[in-house]
Amino acid sequence: NAHPHTDYGNRVALVHNGVITNSYHLREELQAQGVHLASETDSEVIAHLIGQYLDRGDSLRDATAHALSRCDGTWGLAVLSKTHPDEIVVARNGSPMVIGIGQGRTFIASETSAFSRYTKEFIAMQ
């Protein structure tokens, strides 16, 4: 499951930790709408769903929330977009997610050991 995964317009990139249990159904729906999926991963399905909501005019945050409302399972993910370069959307459901706060930089990971040599300050998402 190589990361990042992108949407069909290459506007959205995301990294995902978890399992989307209804990804097969969502994949079939996307393919029926003409979306080409380059991999077999559930992460790519999320990226394409976010892209569809961006097409409808949603903000990156709202597009991510709408896409995730259609997903069953667990996730910790971070989403970036070319069309919203100053934003990173972070979400979790079941999977751990922490945000590290360093001097002039921020870290996003599933556990603090990923950034503990750079900062000890973090927020554990609930």
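Quick notes on this one:
- Residue pairs whose Cβ atoms lie under 9 Å apart, sitting 6 or more positions apart in sequence or on different chains, and linking a residue in segment 82-99 that is without any contact (Cβ under 8 Å) to a residue 24 or more places away in the chain to a partner that is loosely packed, with under 14 Cβ neighbours inside 10 Å and not hydroxyl-bearing (Ser, Thr, Tyr), do not occur here.
- Listed by first and then second residue, the pairs with beta-carbon distance under 9 Å, at least 6 apart or on different chains, first residue in segment 62-73 and under 13 Å from Val12 (Cα atoms), second open to solvent by 60 Å² or more (accessible area, probe 1.4 Å) and assigned to a helix (DSSP H, G or I), are Ala63/Asp55.
- Any hit, segment 3-16, residues being open to solvent by 80 Å² or more (accessible area, probe 1.4 Å), free of Cβ contacts under 8 Å to residues at least 12 places away in the same chain, over 20 Å from Pro96 (Cα atoms) and not polar (S, T, N, Q): no
- Test: residue in segment 28-40 that is in contact with a strand residue (DSSP E or B) (Cβ under 9 Å, 6 or more places away or on another chain), over 16 Å from Gly76 (Cβ atoms) and modelled with pLDDT of 95 or more: no
- Scope segment 1-32; condition farther than 14 Å from Ile50 by Cβ, among the small types (Gly, Ala, Ser) and assigned to a loop (DSSP other than H, G, I, E, B); matching residues: Ala2
The values are calculated or read from the model by the stated rules, or taken from the named source; none is laboratory data. This structure is a prediction, so every number in the text was calculated from the model and none was measured. No Cβ is skipped: glycine too gets one built from the backbone with ideal geometry, and neighbour counts run over all protein chains shown. In case anyone asks, the SASA skips ligands and DNA or RNA and just uses the protein heavy atoms, side chains included. Shrake-Rupley method; radii C 1.70, N 1.55, O 1.52, S 1.80 Å.
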